[in-house]
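Read through the structure below, which is laid out as structure tokens, and then see the notes.
Just so you know, all these numbers are worked out from the coordinates, no wet-lab data involved. What you are looking at is a predicted structure, and each value in this text was computed from that prediction instead of being measured. In this analysis, Cβ positions are derived from the backbone assuming ideal geometry, glycine residues included, and neighbour counts consider all displayed protein chains.
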Amino acid sequence: MNSKLQTPIIIVNFKAYLEAAGKKAVELAKQAEKVSKETGICIGVAPQFADIFAVAQAAEIPVFSQHVDPIQPGSYTGHVLAGSIRDAGATGTLINHSERQLKLSDIDTIIEFVREKNLASCVCANNPNVSAAVAALKPDIIAFEPPELIGTGRAVSVSQPEVVTNTVRLVREVNPEIIVLCGAGVSHGEDVAEALKLGTQGVLVASSVVKAKNPYGKLREFADASKQRAMN
């Protein structure tokens, strides 16, 4: 596990939102860094590929790629290498997001490739059984996200608490060393606090921060809730 990663952790997926592209990606990353330094809570960001280098240069926080392909260097057009994101300054990568789903065999290969490059692997899973199957592949992080709740504002930690606790239990049974996050609909500090109360070690968020009128304020709300819960 990369030394930059501490729990509880908040990972912000910038997706392909214009509010977090180019110069705005750098601005948002700097706000995340500011909140992280103020609260002591680890905050990572996952910008678009073209912005990884600029974001990594501008902010001293974990930077994740949004995807890596299961390939080695060679004649592959339009693909993303694990080594390339590392050289651009990334700390790790998201794998198998519901908007970029992969076969289990490809997930296994990518985890191996990013481990070889000393990158952190954060594998997204859409249900408890998939989470358990992924746990056997020994990623660093598993982020449980029911696709039907993504972007709805209905937090998984509030809407499906029993599914979150079941996911944590199943993953722990397979590999207790894996960091477990949850995401989908997480919009308020209370959602984050509830996620931690259910046994997760953080959250994966996107639009609730990227599209917020005050991204700094929303990040601070999430980080303060994380810090308060961690102290209890």
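Quick notes on this structure:
- Most fluctuating residue given options 156, 174, 12, as computed from a GNM of the chain linking Cα atoms under 10 Å: 174
- Estimated distance in nm for a label pair at residue 165 and residue 197, the labels positioned 7 Å out from Cα along Cα-to-Cβ: 1.1
- Per-bin percent of Cα-Cα distances, the stretch 155-232 [10 Å]: 20, 50, 26, 4, 0
- Of 123, 203, the sequence from fewest to most neighbouring Cβ atoms within 10 angstrom is 123, 203.
- Note: relative contact order over the stretch 17-231, using C-alpha pairs below 8 Å and six or more positions apart, is 16 percent.
- Extension gain for residue 106-residue 129 works out to 6.5 nm (0.36 nm per residue, less the C-alpha to C-alpha distance).
- Modelled this way, with points 7 Å down the Cα-to-C-beta line, the labels at residue 136 and residue 30 are 4.8 nm from one another.
- Contour excess over end-to-end distance, with Cα ends at residue 229 and residue 79 and 0.36 nm allotted per residue: 50.0 nm
- Which of 121, 157 has the fewest Cβ neighbours within 10 Å, and the rest in rising order: 157, 121
- Computed magnitude of the charge dipole of the chain (debye, nearest 20; Cβ of K, R +1, Cβ of D, E -1): 420
- Helical contribution to [θ] at 222 nm, DSSP H n ≥ 4, -39,500 (n - 2.57), averaged over the chain, rounded to 500: -12500 deg cm²/dmol
- Lysine pairs in the stretch 100-232 with Cα atoms under 20 Å, if 8 or more residues apart or on separate chains: 5
- Residue order, fewest to most beta carbons within 10 Å, for 152, 109: 152, 109
- Reference-scaled alpha-carbon Rg (2.2 N^0.38 Å with N residues) for the chain: 0.92
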